[in-house]
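Enquirer: Following this message is one structure expressed as structure tokens.
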Amino acid sequence: MSDSTLILVLGDQLSLANPALATADPVHDLVVLAEVAEEAVYVPHNRHKIALIFAAMRHFRDELQQRGLQVRYFTLADGLPTLEAAVVQALKDTPCAALRVCEPGEYRLRQAVAGWQEALGVPVEVLEDSRYLASHAEFRAWANGRKQLRMEYFYREMRRKHGILLEVDGRPAGDRWNFDQENRVGWRGQESIPERRQLRQDDITRTVLAEVAAAFPDNPGDLEQFNYACTAAEACLEFDWFCRHALPGFGSYQDALVEESPWVFHSKLSMYLNIGLLEPLPLCARVEQAWRDGSCSLAAAEGFIRQVLGWREYVRGVYWLTMPEYKTRNTFAAKTPLPAFFWTGDTELRCLQRALRQTLDLGYAHHIQRLMVIGNFALLAGLDVEAVCDWYLAVYVDAFEWVELPNTLGMALHADNGLMASKPYAASGKYIQRQGDHCKECKFSPAKMTGEGACPFNALYWRFIDRHLDRLAANPRMGLIVANWRKRAPAERKAITDWADRSLALLLAEASPPHRSHRAADADDCRPTWR
């Protein structure tokens, strides 16, 4: 095989559309997939994420072999520390003339691959990932000369480029680009939530679950609740289920905070998109067709398509445009250590407790839980930006740095100097009350600003405004809020900020000492309603 090519396929590139596989020669080329220690432990990944990726990799190995390709597969038990070590071992066992790989999705790994040619002594070809709908060059051209990169304008360009939700004359469907205002209905138990499919696990998946449980005993993730698709075919069935059962309710309730369900009407598809089991454009086309067929509202279809065609492509563009400097940004100089309860969910704030426990147990939370509950608390409390970003990268099944970092650092923490968002996504307890039913189960009242039983989000919100008054005053979208705060009597402002300091100190002291072990079930466990 001296004239052959070694084709490395990464764990988030499990697609036949992977450009590195496009010209694979079944006779001469060798495909390599590898479960390696470095990728599994660089943050304490949720066990659902590790299990999903490993199981999907093994199923993809079998699919490639069934298509006649030669595949070398390394399991975690083979003890290889890095992807480079896996390539070295494969080249030693089966000499090849060159290495081909689709560009990695994270900056740290791309930098590592950049040094492989010299280290390996063979040519290394790194191909741009053509599975995304906007190339690096396209995004750079769009961003060139813009001081602020607003997703809305990029999203419109993507709609035009791909012909999604457009009328024949080029106008947006419904004469509006965005129906977000119609997608913010709060939850009061007014609809029946469809029960999710329970996916059957085959021998490969069961083996992976056992291996991950043994190898990562202290990582978050309750594998007894593992219910993710591990093949492209099964992921397609999950998408089909969403279109038939959840899409009609998705539009109205995509921002709802719900006690009784982690999934509500959400698609639960981002993890499949991010590892290659699903492709974005067919999803958008199918959802558009559902609207045209009368199966869902235009607001529901547009809301889903905005997430996939807009946000997903946009955050990837921001990431590669600004790295590695982007990762160092910290607009508000936030340095408070991450609280212990971020690894246990043991807090008396009901909304935060539910979002954290769901995240730790399932590796999943929808975007409002991530942005307006967990992210909002992190922003108001001034939690250390790097620690918060690393936590988000660790705990979510769909988290890869290209998508996690801009969403966390830029959107949730507003730490990127306003590059992505025109104002901080900061909110008081009244927003959380409006969006769901957590508050009725909470010991704190969103109607109280200070005093025993007052919702900490209320005083923390004004503490955040007060601490960053000069910066926020310069923001046109924050002018009215800042003016209202300045109108308050100095004694009132001090009482609120003092109460916020006291409340935050108590919250940060909650729970046991920091650890990364999975939370044990207790009498208040919410899992029975999820299964």
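The values are calculated or read from the model by the stated rules, or taken from the named source; none is laboratory data. The structure displayed is predicted, hence computed values, not measured ones. Methodologically, a virtual Cβ is constructed for each residue, glycine included, from the backbone with ideal geometry; neighbour enumeration extends over all protein chains shown. Each accessible area value is taken on the protein alone, full model and side chains, heavy atoms only, with ligands, DNA and RNA left out. Shrake-Rupley method; radii C 1.70, N 1.55, O 1.52, S 1.80 Å.
Enquirer: Counting Lys +1, Arg +1, Asp -1, Glu -1, what net charge surrounds Leu371 among other residues with beta carbon under 14 Å of its beta carbon?
Expert: Within the 14 Å Cβ shell, the charges total 0.
Enquirer: Let me ask something additional. What is the calculated FRET efficiency for Thr207 to Asn417, with r their C-beta to C-beta distance and R₀ = 45 Å, to the nearest 0.05?
Expert: 0.45
Enquirer: For the chain, with all protein chains present and a 1.4 Å probe, just round the carbon and sulfur fraction of the accessible area to a whole percent.
Expert: The computed percentage sits at 51.
Enquirer: Just by accessible area at a 1.4 angstrom probe, what is the order of Lys423, Lys448 from largest to smallest?
Expert: Lys448, Lys423
Enquirer: A follow-up question, please. Which lysines does Lys268 reach when only Cα atoms under 23 Å apart count, and residues fewer than 8 places away in its own chain are ignored?
Expert: By straight Cα distance, Lys268 reaches Lys49.
Enquirer: Which Cα, out of Gln148, Ala394, His468, lies furthest along the positive dipole direction of the chain (beta carbon charges, K/R +1, D/E -1)?
Expert: Projecting each Cα onto the dipole axis, the largest value belongs to His468.
Enquirer: Same structure, new question: Net charge around Phe332, counting only other residues with Cβ within less than 15 Å of its Cβ (Lys, Arg = +1; Asp, Glu = -1)?
Expert: Around Phe332, the surrounding residues sum to +1.
Enquirer: With both bridge residues required to lie in the chain, what share of the DSSP beta bridges run antiparallel, to the nearest 5%?
Expert: 5 percent
Enquirer: Mind putting a number on the dipole of the chain about its Cα centre? Charges go on the C-beta only, +1 for Lys and Arg and -1 for Asp and Glu, and I need it in Debye to the nearest 20.
Expert: 2180 debye
Enquirer: Could you please report the charge total around Glu510, scoring K, R as +1 and D, E as -1 over all other residues with beta-carbon less than 12 angstrom from its beta-carbon?
Expert: So the environment of Glu510 carries a net charge of -2.
Enquirer: Let me ask you something else. Length gain on complete extension for the stretch Asp218 to Glu348, per 0.36 nm per residue less the alpha carbon to alpha carbon distance?
Expert: Contour length minus Cα-Cα distance gives 44.4 nm.
Enquirer: Whenever you get a sec, line up Lys92, Lys443, Lys327 from highest to lowest accessible area (probe 1.4 Å, protein heavy atoms).
Expert: Greatest to least solvent exposure: Lys92, Lys443, Lys327.
Enquirer: For Cα extents along the principal axes in Å, one of (1) 73, 62, 39; (2) 80, 60, 46; (3) 108, 51, 50 was computed from the structure I shared and the rest are decoys. Which label?
Expert: The value computed from this structure is option (2).
Enquirer: List the lysines whose alpha-carbon lies under 18 Å from that of Lys448, not counting same-chain residues fewer than 8 positions away?
Expert: Output for Lys448: Lys430, Lys440, Lys494.
Enquirer: While we're looking at this one, here's another question. Setting aside same-chain residues fewer than 8 positions from Lys335, which lysines have a Cα under 21 Å from its Cα?
Expert: Lys327, Lys423
Enquirer: OK, next. Return the tail of the calculated pair distribution for segment 385-458, meaning the percent of Cα-Cα pairs more than 16 Å apart.
Expert: 60 percent
Enquirer: If you find the alpha carbon centre of segment 190-216 and of segment 406-461, how far apart are they in angstrom?
Expert: Rounded to whole Å, the Cα centres lie 33 Å apart.
Enquirer: For a Förster distance of 41 Å, can you work out the FRET efficiency between the beta-carbons of Arg146 and Ala491, rounded to the nearest 0.05?
Expert: For Arg146 and Ala491, the calculated efficiency is 0.40.
Enquirer: Ranked highest first by the average count of other Cβ atoms within 10 Å around their residues, in what order do 82-89, 387-394 fall?
Expert: For the peptides 82-89, 387-394, the packing ranking is 387-394, 82-89.
Enquirer: So what's the angle, to the nearest 10 degrees on a 0 to 90 scale, between helix 350-362 and the longest Cα principal axis of the chain?
Expert: Between helix and principal axis, roughly 10 degrees.
Enquirer: Test of the criteria: in segment 34-84, which trypsin sites (Lys or Arg not before Pro) are in a DSSP loop and have at most 15 other Cβ atoms within 10 angstrom of their Cβ?
Expert: For trypsin sites (Lys or Arg not before Pro) across segment 34-84 that sit outside H, G, I, E and B with at most 15 neighbouring Cβ atoms in 10 Å, the list reads Arg67.
Enquirer: Now for a separate question. Using 0.36 nm times the number of residues separating Thr336 and Ala97, minus their current alpha carbon distance, what extension gain do you get?
Expert: 80.9 nm
Enquirer: For Arg200 and Asp78 in the same chain, what is the full-extension length gain: residue separation times 0.36 nm, less their Cα-Cα distance, in nm?
Expert: Once the chain is fully extended between Arg200 and Asp78, it gains 41.2 nm.
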